[in-house]
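Participant: Here it is, the structure in full.
The values are calculated or read from the model by the stated rules, or taken from the named source; none is laboratory data. Bear in mind the structure is a predicted one, so any value in this text is a computation, not a measurement. When we count neighbours, we look across all protein chains shown, and the Cβ atoms used for this are built from the backbone with ideal geometry, even at glycine. Keep in mind that these areas ignore ligands, DNA and RNA; they rest on the heavy atoms of the full protein, side chains included. Shrake-Rupley method; radii C 1.70, N 1.55, O 1.52, S 1.80 Å.
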Amino acid sequence: MAVTPASAGWTYSGLTVVTLAPGESHTLATGSSETLVFPLSGGCVVTTEATTFEVAGRSSVFEAPTDFVYVPRDATAEVVSEAGAKLAFPSAVCERRLPARYVPAADTQVELRGAGTCSRQVNNFATPAVFEADRLIACEVLTPGGNWSSYPPHKHDEVRDGECELEEIYYFEVAGDGMAYQRVYGTPERPIDILEEVRTGDVVLIPHGWHGPSMATPGYDLYYLNVMAGPGATREWLISDDPDHGWIRETWEHEPVDPRLPFYR
């Protein structure tokens, strides 16, 4: 699976997911994009910029956060997995060339967001407050079965007070043989209308508009990887709630967080 700015019809955000058989290798050429080597399952060894990084990875997205490697633009990396792995390569077209580096799983900031049936877990591994990049912003969200996340619906498609412009990719995995649903809808000026069933390996692109909820069906936990980038001079993640539904946040102070969270105990 590969989403490039050209295939998406936008300018910055990209994501490739590759599955390596045991002993198989993959050559990553970043071109104009800063890129992460980010395990979804399994581990790997990454060699780039004359340095080799050992990436332990994890057994699955539902079991633990992961370590990863940042590869700068205009670089080549050789990625090898002795035992086999599923690897994501989130990317963003950028200008600055930062150094290659390894980031341990312990640096991931795990946040519990929402309450009640809106409870979810956000793993902030490459968000502006915790990780230096030129344009790339990425996080992963885990939602217990039956809960709603990316809610209330929000958007980030224009530059105004409290909002910035970001293209966004959602990559999904669903526990077991389950399914989930993703909603995206627009404004009168920029219409878009999506309600999609998603399963493991599916992707939803969000060029603009309100997005949410991401709906985990009962009995099946939901994971998604968010990849974002935009034209702003400052790397930031500012969102606006749909004014018809923003009041939902006020109800959370009277509800407990779902006791199934956090996923990693």
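Participant: Read through the list (1) in a loop (DSSP other than H, G, I, E, B); (2) without any contact (Cβ under 8 Å) to a residue 40 or more places away in the chain; (3) surrounded by 15 or more Cβ atoms within 10 Å (Cβ to Cβ), then give the number of the only condition that Gly146 fails.
Facilitator: (2)
Participant: Can you confirm whether the stretch 243-255 contains a residue that is surrounded by 14 or more Cβ atoms within 10 Å (Cβ to Cβ), touching a residue at least 12 places away in the same chain (Cβ under 8 Å), aliphatic (A, V, I, L, M) and farther than 26 Å from Ala106 by Cα?
Facilitator: Yes; the residues of the stretch 243-255 include at least one that is surrounded by 14 or more Cβ atoms within 10 Å (Cβ to Cβ), touching a residue at least 12 places away in the same chain (Cβ under 8 Å), aliphatic (A, V, I, L, M) and farther than 26 Å from Ala106 by Cα.
Participant: Among the residues of the stretch 105-130 satisfying the criterion of being under 21 Å from Leu40 (Cβ atoms), open to solvent by 50 Å² or more (accessible area, probe 1.4 Å) and hydrophobic (A, V, I, L, M, F, W, C), which is nearest to the chain's Cα centre (by Cα)?
Facilitator: The selected residue is Val110.
Participant: Would you mind stating whether Glu63 is acidic (Asp, Glu), open to solvent by 20 Å² or more (accessible area, probe 1.4 Å), touching a residue at least 24 places away in the same chain (Cβ under 8 Å) and more than 30 Å from Arg260 (Cβ to Cβ)?
Facilitator: Taking the combined requirement at face value, the residue does not satisfy it.
Participant: How many residues does the stretch 177-195 hold that are surrounded by 15 or more Cβ atoms within 10 Å (Cβ to Cβ) and charged (D, E, K, R)?
Facilitator: 1
Participant: Right, next: Kindly list, by first and then second residue, each pair from a residue in the stretch 99-120 that is over 15 Å from Gly145 (Cα atoms) to a residue that is open to solvent by 50 Å² or more (accessible area, probe 1.4 Å), limited to pairs with Cβ atoms under 7 Å and residues at least 6 apart or on different chains.
Facilitator: Pairs that qualify, where the first residue is over 15 Å from Gly145 (Cα atoms) and the partner is open to solvent by 50 Å² or more (accessible area, probe 1.4 Å), are Ala100/Glu49; Ala100/Thr51; Leu112/Val257.
Participant: Something else about it: I want to confirm something. Restricting to the stretch 74-104 and keeping residues that are touching a Gly at 6+ places or on another chain (Cβ under 9 Å) and crowded, with 20+ Cβ neighbours inside 10 Å, which single residue is nearest to Pro39 (Cα to Cα)?
Facilitator: Leu87
Participant: Determine the pairs where a residue that is within 13 Å of Leu222 (Cα to Cα), located within the stretch 197-209, has a partner that is open to solvent by 30 Å² or more (accessible area, probe 1.4 Å) and assigned to a strand (DSSP E or B) with Cβ atoms under 9 Å apart, the partner being 6 or more residues away or on another chain.
Facilitator: Close Cβ pairs satisfying both conditions: Glu197/Tyr181; Val198/Tyr181; Asp202/Glu196.
Participant: Continuing with this model, one more query. Pick from the stretch 149-176 the residues that are open to solvent by less than 20 Å² (accessible area, probe 1.4 Å) and part of a loop (DSSP other than H, G, I, E, B): which of them is nearest to Val37 (Cα to Cα)?
Facilitator: Leu166
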